[in-house]
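> Would you mind keeping the following structure in view while I ask a few things?
The values are calculated or read from the model by the stated rules, or taken from the named source; none is laboratory data. Not measured: the values here are computed from a predicted model. Cβ: placed from backbone, ideal geometry, glycine included. Neighbour counts: every protein chain shown.
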Amino acid sequence: MNQKERMLAGLPYKAWLDGLAEEQLKTKMKIYNYNLYRPDETEKIDKSIRDILGKAGTNVTFLAPFHCDYGKHIEVGNNFTANYNCVILDVSKVIIGDNVLFGPNVSIFTAGHPLHPDSRNSGYEYGIGITIGNNVWIGGNTVVNPGVHIGENAVIGSGSVVTKDIPANVIAVGNPCRILREITEADRQYYHKDKKFDVEDYNS
């Protein structure tokens, strides 16, 4: 098994061997160009992000600047928006469902390093995939760590550090991120805390 195969298998690997550094450089050049497009160059922006990502549905937006390692290990569903300064370290698969929102400065880290300094100084690192279900909202300045699964309809509060799986249909917040409560039908009529919608079409 070469280092790339080890990386994709979730095994310890060395990131500068077997063409991995060259692959990252190619992606960095694509990202560099992506982040320099004018905001009104929408066709170029859309074409560029689809060239970077492994899979992209309809209506996919990453507000510049955006950064990732390989790009092609990222799969994004329909109606996705990442606000400014999204960082995805995709040494392993990152799978994101439909209707997902990222606030500013959201970081998705599949990459990690050994805890013991001797092991860490050997140069070995690892990647464990992350999955994010449909209809998830991740608040700004949130970090999602390797191996995490976030269930559909979940809301992750701003500033959270997600170290463990989060089930569907809950609000979870904090460092480390913990479940605050379930999302219920009663939440439908509110747009923020105790503020009710004053329009009807929100429920369509």
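> Test residue 155 against the stated conditions and say whether it is over 22 Å from residue 91 (Cα atoms), under 19 Å from the mean Cα position of the chain (by Cα) and of a type in the set (Val, Ile, Thr).
For residue 155, the condition - over 22 Å from residue 91 (Cα atoms), under 19 Å from the mean Cα position of the chain (by Cα) and of a type in the set (Val, Ile, Thr) - is met.
> Considering only strands (runs of 3 or more DSSP E) fully contained in segment 1-108, which possess at least 1 residues that are free of Cβ contacts under 8 Å to residues at least 24 places away in the same chain and within 21 Å of residue 160 (Cβ to Cβ)?
Where strands (runs of 3 or more DSSP E) fall fully within segment 1-108 and carry at least 1 residues being free of Cβ contacts under 8 Å to residues at least 24 places away in the same chain and within 21 Å of residue 160 (Cβ to Cβ), they are 74-76, 80-82, 86-89.
> Residue 165 - would you say it is on the phi < 0 side of the Ramachandran plot and in contact with a His (Cβ under 6 Å, 6 or more places away or on another chain)?
Answer is yes for this residue.
> Let me ask another. So, in segment 61-82, exactly how many residues are farther than 30 Å from residue 124 by Cα and under 11 Å from the mean Cα position of the chain (by Cα)?
4
> Could you list all residues from segment 130-184 that are surrounded by fewer than 18 Cβ atoms within 10 Å (Cβ to Cβ), within 23 Å of residue 78 (Cα to Cα) and in contact with a Pro (Cβ under 6 Å, 6 or more places away or on another chain)?
Residue satisfying the conditions is 140 alone.
> Please enumerate the residues belonging to segment 165-191 that are within 26 Å of residue 108 (Cα to Cα), of a type outside the set (Asp, Glu) and either outside any loop (DSSP other than H, G, I, E, B) or in contact with a Lys or Arg (Cβ under 8 Å, 6 or more places away or on another chain) (or both).
166, 170, 171, 172, 173, 176, 177, 178, 179, 180, 181, listed by residue number.
> So, residue 126, is that one buried (at least 16 other Cβ atoms within 10 Å of the Cβ), over 21 Å from residue 31 (Cβ atoms), at pLDDT 95 or above and aromatic (Phe, Trp, Tyr) or not? So that I can check it myself, show each step before the final result.
Working: buried (at least 16 other Cβ atoms within 10 Å of the Cβ): yes; over 21 Å from residue 31 (Cβ atoms): yes; at pLDDT 95 or above: yes; aromatic (Phe, Trp, Tyr): yes.
Against the criterion (buried (at least 16 other Cβ atoms within 10 Å of the Cβ), over 21 Å from residue 31 (Cβ atoms), at pLDDT 95 or above and aromatic (Phe, Trp, Tyr)), residue 126 qualifies.
> Evaluate segment 134-150: report whether one residue or more is in a strand (DSSP E or B) and hydroxyl-bearing (Ser, Thr, Tyr). Full working, then the answer.
Just the residues of segment 134-150 that are in a strand (DSSP E or B), to begin with: 137-138, 143-144, 149-150.
Checking the rest, the ones that are also hydroxyl-bearing (Ser, Thr, Tyr) come to none.
No, segment 134-150 contains no residue that is in a strand (DSSP E or B) and hydroxyl-bearing (Ser, Thr, Tyr).
For every residue, the table says whether it meets (1) under 23 Å from residue 130 (Cβ atoms); (2) more than 19 Å from the chain's Cα centre (by Cα); (3) not charged (D, E, K, R).
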site	(1), (2), (3)
9	yes, yes, yes
18	no, yes, no
24	yes, no, yes
27	yes, no, yes
38	no, yes, no
57	yes, no, yes
